[in-house]
Every structure is written in structure tokens, then in C-alpha cells.
Amino acid sequence: MKKLKAILIDFLQQADLVLLALCCVSTIFGIVMIHSATQFMNSERYVIVQTCALGIGIVLYILLSVIDVESVIKKWPWFVAFNICFMLLLIPFGVDDGTGNKAWLKLPGVPVSIGPAEVVKISFTMLLAKQLSWLKEEKRDLKSIKAIAFTGGHTLALVGLYFVLSGDMGNALVYLFIFAGMSIVAGMALRWFALAGTVAVGGLAFMWLFEKIPSYMLNRFIILYDHSYDPQGVGWQQTRSLLALGSGGLFGQGYMQGTQSQSAYSWSLPARWTDFIFSVIGEELGMVGCLVVLVLLSAIVLRCIDVSHRVQSAYASYICIGMAAMLMFQIMVNVGMCLFIMPVIGLTLPFFSYGGSSVVTLFCAMGIVSGIHKNAIKVRKPGKPLQY
């Protein structure tokens, strides 16, 4: 009991309570909107699951805030084994999430599905940070082909494994964006990313010309340039999303008063409590509500970046950058999906969209950032300001 009390006192004195407050406010805001978005089903299941995830997330945030990530990563082979084994669980226990992707684990005895990609993001970010910091410590040339092969090979191997097993392109791209953000900050040469981009564009052009891109994937890009292309099919979700956002105006139609958000027909605004929760917010709370959401999420991202500047350890700094990159990519893609300027690839809005494993993982990620913040305070000399 005394040890628990000591942990709580240490947490309250040195952990990042501002970051915790931002995460809690965002998640509670999301729960309130999920309640509205699921009223047509006459069930509080989603609200209950999300609330439980919030409670678990806060506990894990506290626990991870008192852990020294520098010590934990010394067991890096276990992280590698965990990433691979957890992904491989998709073979016997993977289930379709309704989009054709086998991206969820339904483990025996576990009442909820788990997204392995969400969980592995944390350990992947820590491993990649270890690789980059090791290259720095060994004074290796981060702009060399060996450095990019060392870190890029790790990333592509994990991304390839996940995509082959699940078919989930959305979360696979998140890993690539985390890699790009961390590597650029660490000092990797931009020419390698320009080369990778050129190869990717060339490959897509080749596949397009020879009709090697699956039609469902191709149509999601075509619809972005021609909104009149199959509006009753592939463009239905985003057409309804744009209509919901537009009808909200400045202050919205009112909480639990949205025309589409409260429709008894699930197809009126599809996935309204997950992928398109931002559209529900826009319809019921208007542009003001959407701006509040973006301000909260931006504050969380900036807090992660701020902590990255405060620490003396390159490894800890890269972790914070990786967490920020993860959030930034998901925010940009999800909001872009709702605005009909990005393809629908199944990425939810962090903290706001329904998803128990997503919320728990996000709180874990932010808990690690909080722990880094706490350690930064400890190493600071009395009376000496933190260096940026």
C-alpha cells in the first residue's frame, strides 16, 4: 500500500498532468458524441466499452509514467519477438472487421476484439527509436544507404508482415509515417525519401496501366477526383459525410439533433461512431465543435513535440516524435476522409472514435511520453531552465 502511495505521489508531482488532462477531455468528448451517434441502435454498449477503455487507459498512463524507457529497451529482443508473435496471432484468431480486412484479434475468453496494429505501434516506435539512437551513439552516417537499410528494413519487414496477414492498408501506412517522421528528425537524408516516393509513384503508375490495382482500392482514389463517380456506391460514405458537415453550419443542429446522426438507418451516415465521428460532431456541434476537436488534438501533438525538445536522451526524444507522428497521420487522414479529400482507409480519429484497444493504446503511448517528461524534470539541475 505504501509503495502504491509512493507511486501516486511521484506521478502527481512529476508526471505530465497537462497531457493527461488533454487526453481525458478528448476521450470524454468522444464518448459524449459516441452516445449521440449510437442512439439509433438503442444500445449503450459502445459507450460502456469506451468508458471502460478510458478507465483502463488512465491506470496504464499512470503506470507507464513511472517506468524508465531507457531501462526497458535494454530487453529489445523481447520487443522484436512480441511484435512478430502478436502479428502472427492474426493467422488463427484474426477476424474480418466488416471491410474485408482481417485486422482484428478475437481471442478465446476475451470479450472484445483487439487490433494488433494498435498495440504494436508502441513497441515498434520504441524499437525504431533505439535503432536511430544507436546509430547516433556509434557516430554512424545516418545519411548512408546502410543506415536507411538498417532502419527501413525493420520497418518494411513489419509492415509487410502485417499487410500480408491482414490486408489493412490504413494502419500499415501509419507505421511508414512514424518511420518517416522519426528518421527525418534524426537526420536521415531527404533524398532517400524522395527516391522512395518516386519508386512508389512509379510502381502505382505501372500497376494502374496494367490494371493490377484491385478495383475497390482504385475506385477509392478515382472518387476523390470525380465525386460524381459512383456516388451511390464507393462514394456513399464520404458523400453523406460531407452532407453532414455542411448541414451543421457554424454552431450545428444541436446535440442529438443531427438529421443523419440520429437517423434510424445505419446507411444514412455509415460508421458514424468510428471512422466518421468527426462528421457527427460537425453536424451536431457545427464548425465550432470541429475546431474544438482539432485544437485538443493539436495540443496533444504539440505537447509530445515539446517533451521531445526537453529531454537530453536522443532515444527518448525520438519516441516522443514517433508518438506525435502517429497522431498527426491519423488525424490528417481521418479528417481528410470526412472532408472527401482523402481516401477511406479505415483510420479512426484518435481519442474520439469508438475503439477500446485504440483508446487504451493511445493512453499507453501518452503515458510513455509522460514518463519521459518526468525523467526530463529529474535530470534538470535546480534553477537551470530546460534546454530546447
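Using Cβ counts within 10 Å as a stand-in for footprinting exposure, how do 61, 255, 175, 216 rank, fewest first?
216, 255, 175, 61
Can you tell which of 360, 201, 69 shows the greatest fluctuation in a Gaussian network model of the chain with Cα springs below 10 Å?
It is 201.
Let me make sure I get this right: for the range 5-129, a, b and c are the square roots of the gyration tensor eigenvalues over alpha carbons, sorted descending. Under 1.5 in a/c it's rounded, otherwise prolate if a/b > b/c, else oblate. Which is it?
It is oblate, given that a/c is not under 1.5 and a/b is not larger than b/c.
Can you grab the distance from the C-alpha centre of the range 305-326 to the C-alpha centre of the range 241-304, Å, no decimals?
31
Taking the range 276-318, which chymotrypsin sites (Phe, Trp or Tyr not before Pro) meet the DSSP loop condition and have no more than 13 other C-beta atoms within 10 Å?
Qualifying residues, ordered by number: none.
Rounded to a whole number of µm²/s, how large is the Stokes-Einstein D of the range 85-183 at 10 °C and 1.306 mPa s, given Rh as the Kirkwood radius over C-alpha pairs?
D = 109 µm²/s.
Could you give the dipole magnitude of the chain about its Cα centre, charging the beta-carbon of Lys and Arg +1 and that of Asp and Glu -1, in debye to the nearest 20?
1500
7 Å from Cα along Cα→Cβ at both residue 45 and residue 75: what's the point-to-point distance in nm?
3.6
Where q = 0.08 Å⁻¹, what log10 of I(q)/I(0) comes from the Debye formula for the range 22-379, counting one point per Cα?
-0.40
Could you give the length gained by full extension between residue 86 and residue 257, i.e. 0.36 nm per residue of separation minus their alpha carbon distance, to one decimal place?
57.4 nm
Show that you can apply the helix-only estimate: for the chain, add -39,500 (n - 2.57) for every DSSP H stretch of four or more residues, divide by all residues, and state [θ] at 222 nm to the nearest 500.
-23000 deg cm²/dmol
Of 201, 278, 87, which is farthest towards the positive pole of the chain's charge dipole, taken about the Cα centre with +1 and -1 on the beta-carbons of Lys, Arg and Asp, Glu respectively?
Projecting each Cα onto the dipole axis, the largest value belongs to 87.
No lab work stands behind these numbers, since they all come straight from the coordinates. Source: prediction; values computed, not measured. Glycine gets a Cβ as well: all are built from the backbone with ideal geometry, and neighbour counts include every protein chain shown.
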